[in-house]
Amino acid sequence: MCADTSSSTIDKNHSNKLRITEIFYSLQGESRSVGFPTVFIRLTGCPLRCGYCDTAYAFQGGQWMSLDEVLEDVASCSGSIPRYVTVTGGEPLAQKNCQTLLKRLCDIGCEVSIETSGALDVCEIDNRVIRVMDLKTPGSGESAKNLWENLDCLTRQDQVKFVICDRVDYDWAKQVLNDYKLPERCEVLFSPVHGQQQARDLAEWILADKLAVRFQLQLHKVLWGDEQGR
């Protein structure tokens, strides 16, 4: 069983540690590996405050854990070394030891992805890691923090995600798609904000404009709603 990492207890000697909100086993709800059983490592803290954020509980608190402790928890969640591991947040790259965690997960044979806002440098991430980078739309309230240089580092294994709040966001995302020729760089995902943007409308816009993007819903929202640790 995964460790309970909801405590706010802080180890002051944390130079080689990570602050963890939760480690849990669930189905991947988004991205290319949607539906696969996956271990999620949710790091604490985020420099952004998106208006639709559904993980604000990860902004603070958490528990300091050594890298070895994290890896032990990852194995205990699935009963063995899992095939899929996703490092998420918050914003995982806000913690300096995130890069080392990603490397160690790859070293033990996991297929590793990171969910990142794209507001921090992704170019130094281990090239075995799948980068799922969320370009912030105007509707998020944080589009000014997009680090556009990140797009130059992406490869065909990576994914760029647009979370669409409304038609303005859609048109903005479509322009970015064309300006940066994103489908030639990597896979592109368009996702409606749960409970705000009608999924059917977004699907019909994509079809009408014949966009080379993957439409996706958040599977975990469909199955479990806003339940934490899912």
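Results for (1) surrounded by fewer than 17 Cβ atoms within 10 Å (Cβ to Cβ); (2) not in a helix (DSSP H, G or I), shown as yes or no for each residue.
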site	(1), (2)
Ser113	no, yes
Gly139	no, no
Ala144	yes, no
Phe162	no, yes
Ala212	yes, yes
Checklist entry - Taking the stretch 49-78 only, how many residues are buried (at least 20 other Cβ atoms within 10 Å of the Cβ), within 17 Å of the chain's Cα centre (by Cα) and not in a helix (DSSP H, G or I)? => result 1
Item to check | Residue pairs meeting the criteria (Cβ under 8 Å; at least 6 apart or on separate chains; first more than 24 Å from Trp64 (Cβ to Cβ), in the stretch 14-38; second of a type in the set (Phe, Trp, Tyr)) | outcome: Leu27/Phe36; Gln28/Phe36; Gln28/Tyr84; Ser33/Tyr84; Phe36/Tyr84; Pro37/Tyr25; Pro37/Tyr84
Item to check | Matching residues in the stretch 214-230 - criterion: being assigned to a loop (DSSP other than H, G, I, E, B), more than 17 Å from Asp169 (Cβ to Cβ) and in contact (Cβ under 8 Å) with a residue 40 or more places away in the chain | outcome: Asp226, Gln228, Gly229, Arg230
Checklist outcome for this item: Reported set for the stretch 124-172 where residues are among the polar types (S, T, N, Q) and closer than 25 Å to Leu101 by Cα is Asn127, Asn146, Asn150, Thr155, Gln157, Gln159
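Every read-out reported here was derived from the displayed coordinates using simple, explicitly stated rules and does not represent laboratory data. This is a predicted model, so every value here is computed, not measured. FYI the Cβ positions are ideal-geometry reconstructions off the backbone, even for glycines, and counts take in every protein chain you see.
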